[in-house]
Amino acid sequence: MNRLNRRRVLRGMLNGGAVTVGLPLLNCFLNGNGNALADGEKMPVRYGTWFWGLGMNTQIFKPKKTGRDFEFPDEIQALAPIRDKINILTNGNAFYDNSPKQDHFTGWAVSRTGIAPSNRTLGSETCDVTIANQISRTRRFKTLTATAAADARVSFSYDDPNTPNPAEYSPVLFYARLFGPDFPDPNAKDFKPSPRVMARKSVLSAVMDEMGDLNAIAGAEDRVRLDQYFTGLRHLEQQFDQQLSKPEPLAACHPGLAPKDSDMKMGNASELMIQRHKMMTDLLAMAVACDQTRVVNMSYSQVQSNATKPGYDKPHHTATHEEAIDSKLGYQPEVSWFTRRCMEGFAYYVQAFANIKEGDGTVLDNMFIVGDTDHGLALLHGLDNIPMLTAGSAGGKVKNGYHIDMKGTSIARTTYTALRVMGVDVPRFGDRSNQTSDPISEILV
């Protein structure tokens, strides 16, 4: 009997602490094609989101034909080079039923939760957290959230209706968090557990020991709250365990040099946002390659984007409401300039994961990404004709290269598709008119 498998570890003691040292990802752990583990288990599949603010102009964004044989209109020309890595979904709706329409909020709330909010509070946790609780809670970071908007509040990831996950906005600080002293380098010759992590684990263990005593004296409602609290602590304990164990070597993990302090320029000029977006994207991609997390979120801009264009006196959001529609073109040309920069950003995001080799493919091959926005036509705060984007094959579960007309159905269908692709077994998603059990079957294998 072969006693070797990818979970086999060498055990020992280091500075009074138990240490497990994982074996490398040897060839014998993979199948003959290098696209799965030898025991038949599939390579890990990751999930990502990407957000851009203020929608698009339908006539120059939406392809004229559906299916695979379509041409890219002017506003999404930047996506043409990655045609075979993405899908374009158009003509989706965010139904708000009898809830008040929340400008710049209802659209992405429906996309991420399937629930039209009655006020500016979400109806549940966001989909990335639901997925992370299933596939990423034992990683060093359950999720990672970043933004190019230079503001930690620009986050579309929520642990619950009232608790956003603050976004990383500084490349310098983000690098330090990911690859600083507590980073368990999977390719290091020697491994020494972080004393800080060991101390945190000790404190947490002592807290966990008190669970039984607290439950014994708590009332019924408090026991429910305590159970939720300790579930979170158990997830944290699993993350500490992961950080205190030598990770398996990962050929794709190369963090590189830390950004310089000069890279912390925080202005709203588009050229600075583009630079920050590239740097934060590269850090997210390497965090995934180093298996620090399996769920990542990136926002190119905020809902009321204040990005500026050289030589133009209005920021993006102001332009959507004040720029006149060009009578010959039929759309707002300056607004479209900003949207085109956003699409260039999505192309960069997708390609960053595609550039990292993994097995016989790339990280993107083992990933599913959903891109969303807050409106269709921002000029009218439209919640119809909302586009969405997907990328990645999710380990062979998703087909790419398609334009899908959603025919006025809820954009929550895209999120439901993501949940199903990522292995979250839910019979339906959302509520009222946004409730769906109908995935985007055209892109599923």
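The values are calculated or read from the model by the stated rules, or taken from the named source; none is laboratory data. Given the structure is predicted, the values throughout are model-derived calculations rather than measurements. Every residue, glycine as well, gets a Cβ built from its backbone with ideal geometry; the counts of neighbours run over all protein chains shown.
Brief remarks on what is shown
- Any hit, the stretch 259-273, residues being under 20 Å from the mean Cα position of the chain (by Cα), under 24 Å from Asn165 (Cβ atoms) and among the acidic types (Asp, Glu): no
- Against the criterion of being more than 25 Å from Thr126 (Cα to Cα), buried (at least 21 other Cβ atoms within 10 Å of the Cβ) and out of contact with any Gly (no Cβ under 9 Å at 6 or more places or on another chain), Gln332 qualifies.
- Just one of the listed residues (Thr281, Thr320, Thr293) is in contact with a helix residue (DSSP H, G or I) (Cβ under 9 Å, 6 or more places away or on another chain) and in a loop (DSSP other than H, G, I, E, B), namely Thr293.
- Filter pass, Leu122 being more than 16 Å from Asp384 (Cα to Cα) and touching a Pro at 6+ places or on another chain (Cβ under 9 Å): yes
- All positions within the stretch 381-400 that are closer than 30 Å to Pro100 by Cα and hydroxyl-bearing (Ser, Thr, Tyr): Thr390
- Just one residue in the set Val445, Val421, Val426 is crowded, with 20+ Cβ neighbours inside 10 Å and of a type in the set (A, V, I, L, M, F, W, C); that residue is Val421.
- Residue match in the stretch 74-84 (condition: assigned to a loop (DSSP other than H, G, I, E, B) and either surrounded by 13 or more Cβ atoms within 10 Å (Cβ to Cβ) or at pLDDT below 85 (or both)): no
- Residue that is nearest to Ala258 (Cα to Cα), among those in the stretch 166-187 that are touching a Ser or Thr at 6+ places or on another chain (Cβ under 8 Å) and surrounded by fewer than 21 Cβ atoms within 10 Å (Cβ to Cβ): Pro181
- Taking strands (runs of 3 or more DSSP E) as the structural unit, those lying wholly within the stretch 365-445 and holding at least 2 residues that are farther than 22 Å from Gln77 by Cβ and in contact (Cβ under 8 Å) with a residue 60 or more places away in the chain correspond to 367-372.
- Number of residues in the stretch 97-125 that are on the phi > 0 side of the Ramachandran plot and more than 21 Å from the chain's Cα centre (by Cα) equals 1.
- A Cβ distance below 9 Å, combined with a sequence gap of six or more or placement on separate chains, defines the contacts here; from the stretch 312-327, residues that are under 13 Å from Leu380 (Cβ atoms) reach no residue that is at pLDDT below 95 and not hydrophobic (A, V, I, L, M, F, W, C).
- Cβ-Cβ under 7 Å pairs, at least 6 apart or on other chains, the stretch 119-144 side farther than 14 Å from Arg420 by Cα, far side acidic (Asp, Glu): Glu125/Asp159; Glu125/Asp160; Val129/Asp159; Arg139/Asp291; Thr143/Asp128
- Number of the exception - Leu122 against (1) in a loop (DSSP other than H, G, I, E, B); (2) under 19 Å from Arg341 (Cα atoms): (2)
- Among (1) in a loop (DSSP other than H, G, I, E, B); (2) under 23 Å from Met422 (Cβ atoms), the one test that Ser327 misses: (2)
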